[in-house]
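Read the figures in this text as sums done on the coordinates, not as results from a lab. Since this is a predicted model, take the numbers as computed values, not measurements.
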């Protein structure tokens, strides 16, 4: 787009708030948020005062002599972000309309505050500490990959696992929803994926309306509910028979919840813990900048066109270490749980079942299990294709 210092620029309605290190600029109409340094914020305020672009550039160069100021390049960026409404009086239309309405506004704010306040947050942390203590004192309660196989038929095991996982994921995401509602904001649960896993995700874009110190509670809310579930289910095993079906189901809940909590440390997948780290550091492109940094040695990593602000280089280098540690953790979890589960299920269930007569229960158990694998792969492909289409 051809711009000159004589170009008249009109911006869309924006709301600007000071954050930890820089400023959060909200596109009020679309409720989208951008992080900008103070020279950019000053430029926006001067543009809104209808000051000539050349004069704005001179003013900013005098005020910020150590920064590289290019007002025309900045206006071009604002046009790309669709934050400009008019250029020389000519209306600029948006490529996309407002997002759909976020929901769950019917949930009372007081209900959210009941589950998420200063006392309950400490209680959730205490549950996690108690669970660690139980696993140390009773190592036989530590999850094992065979805990997935509660029943004699694979279709029963998969059905139990899917049902339990679905309930626990809903509970995890509902924790986020309740935390968001505790601040009087709306939320929405969507389908997405992380690495090879189909997941439900809570749209918490509205958290940027809050100051940084209030966001961590919202990011960690799902983990708090997971910690509670883990403590309750571990404790419940003290009161059940070791060989009962109920104990087997409780072990399955422990396995599922334990893996979900451990995976939070895999920050290369933008987990809840990752967003907490972003918020704590005030560096909001940690993963992208970390990948850019690591791409010097790992060229297969995707390079993002993101900006590293002054003073963030040290944080990015430290995050890169956690990024690699998260990759190693994922490999370790896969090696300890998922690969043995796949091998065990194929060896003990699917392959022997497929050799059974066509009209036998074992054969159809194996066939349905195979169909389920194809179905999950299809859902994952749909999630990936959806993300690819949206990125285009």
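Once you have a ≥ b ≥ c as the square roots of the Cα gyration tensor eigenvalues for region 260-311, tell me rounded if a/c is under 1.5, and otherwise prolate or oblate according to whether a/b is larger than b/c. Could you put the intermediate results ahead of the total?
Details: a/c = 2.79, a/b = 1.28, b/c = 2.19.
It is oblate, given that a/c is not under 1.5 and a/b is not larger than b/c.
Gain in length, residue 374 to residue 48, computed as 0.36 nm per residue apart minus the alpha-carbon separation, to one decimal in nm? Before the final figure, lay out the partial values.
Values: separation 326, 0.36 × 326 = 117.36 nm, distance 5.51 nm.
Once the chain is fully extended between residue 374 and residue 48, it gains 111.9 nm.
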Mean ellipticity per residue at 222 nm, deg cm²/dmol - from DSSP H runs of n ≥ 4 across the chain, formula -39500 (n - 2.57): -17500 deg cm²/dmol
Acute angle (nearest 10 degrees) that the helix 272-281 long axis makes with the longest principal axis of the chain, alpha-carbon atoms: 30
Centre separation in Å (Cα based) which lies between region 232-279 and region 297-342: 22
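For Cα pairs less than 8 Å apart in space and 6+ apart in sequence, what is the mean separation divided by the residue count of region 9-91, i.e. the relative contact order in percent? The partial results should precede the final answer.
Working: 91 pairs, mean separation 27.4, N = 83.
The normalised contact order for region 9-91 reaches 33 percent.
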Cα radius of gyration and Dmax for region 99-191 (Å): 17.8, 50
Rounded tilt (10° steps) of 154-182 against the dominant C-alpha axis of the chain: 30
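Averaging sequence separations of C-alpha pairs under 8 Å and six or more residues apart, then dividing by the length of the chain, give the relative contact order as a whole percent.
Values: 463 pairs, mean separation 56.6, N = 392.
Reported relative contact order: 14 percent.
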Cα-based convex hull volume of region 9-91 per residue, rounded to whole Å³: 90
Candidates 317, 215, 188: whichever shows maximal mean-square fluctuation once the chain is modelled as a Gaussian network with Cα springs under 10 Å: 317
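Provide Rg over Rh for region 39-86; use the alpha carbon set for both Rg and the Kirkwood Rh (inverse mean inverse pair distance).
On the way: Rg = 10.3 Å, Rh = 10.9 Å.
With Rh from the inverse mean 1/r over Cα pairs, Rg/Rh is 0.95.
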Distance between region 106-142 and region 204-218 - C-alpha centres, whole angstrom: 21
Computed Rg/Rh of the chain, alpha carbon atoms with Kirkwood Rh: 1.05
Degrees between helix 71-80 axis and first principal axis of the chain (Cα, 0 to 90, nearest 10): 40
